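Engineer: Let me give you the structure first, and then I'll get to my questions.
The values are calculated or read from the model by the stated rules, or taken from the named source; none is laboratory data. Being a predicted model, the structure only gives us computed values, none of them experimental. So basically every Cβ, Gly included, is an ideal-geometry build from the backbone, and we count neighbours across all protein chains shown. These accessible areas exclude ligands, DNA and RNA; they are computed on the full protein's heavy atoms, side chains included. Shrake-Rupley method; radii C 1.70, N 1.55, O 1.52, S 1.80 Å.
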Amino acid sequence: MSRSFGTLAESFEAQARAKRVWLETFSEGRNKRPDHEIEHKREEMECLEEGAQWFRRAAARDKGRVA
């Protein structure tokens with residue numbers, strides 16, 4: 001199944017938002033998770049955000065091209 005760069009960017013952004021919510025929920029307070037889990041989720045979120053940026057740039061570059 002082939003997806004457009006824009007669709008992939010949206011998917012990555014949604015996944016990054018979910019990681020951000022997790023971090024907000026479990027980074028402090030009585031629900032705080034171990035530091036290594038928090039750091040792992042933060043790294044995943046940053047990778048997803050970077051991937052989304054790459055896909056957004058690719059979508060913008062390909063916009064207007066005729067297949």
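Engineer: Look at the stretch 42-67 and say how many of its residues are among the small types (Gly, Ala, Ser) and open to solvent by 90 Å² or more (accessible area, probe 1.4 Å). Spell out the reasoning first.
Structural biologist: Within the stretch 42-67, the subset among the small types (Gly, Ala, Ser) is 51-52, 58-60, 64, 67.
Narrowing further to those that are open to solvent by 90 Å² or more (accessible area, probe 1.4 Å): 67.
So the count comes out to 1.
Engineer: Of the residues in the stretch 13-41, how many are surrounded by 15 or more Cβ atoms within 10 Å (Cβ to Cβ) and more than 26 Å from Arg3 (Cα to Cα)?
Structural biologist: To start, the set of residues in the stretch 13-41 that are surrounded by 15 or more Cβ atoms within 10 Å (Cβ to Cβ) comprises 13, 15-16, 19-20, 22-23, 26-27, 33, 38, 41.
Filter once more, so that each one left must be more than 26 Å from Arg3 (Cα to Cα): 22-23, 26-27, 33, 38.
Residues flagged as surrounded by 15 or more Cβ atoms within 10 Å (Cβ to Cβ) and more than 26 Å from Arg3 (Cα to Cα) within the stretch 13-41 amount to 6.
Engineer: Go through (1) without any contact (Cβ under 8 Å) to a residue 12 or more places away in the chain; (2) surrounded by 11 or more Cβ atoms within 10 Å (Cβ to Cβ); (3) of a type in the set (Ser, Thr, Tyr) and name the single condition Ser2 misses.
Structural biologist: Of (1) without any contact (Cβ under 8 Å) to a residue 12 or more places away in the chain; (2) surrounded by 11 or more Cβ atoms within 10 Å (Cβ to Cβ); (3) of a type in the set (Ser, Thr, Tyr), only one is false for Ser2: (2).
Engineer: Still on this structure, I have one more. Within the stretch 1-56, count every residue that is over 9 Å from the mean Cα position of the chain (by Cα), at pLDDT 95 or above and of a type in the set (A, V, I, L, M).
Structural biologist: Result for the stretch 1-56: 4.
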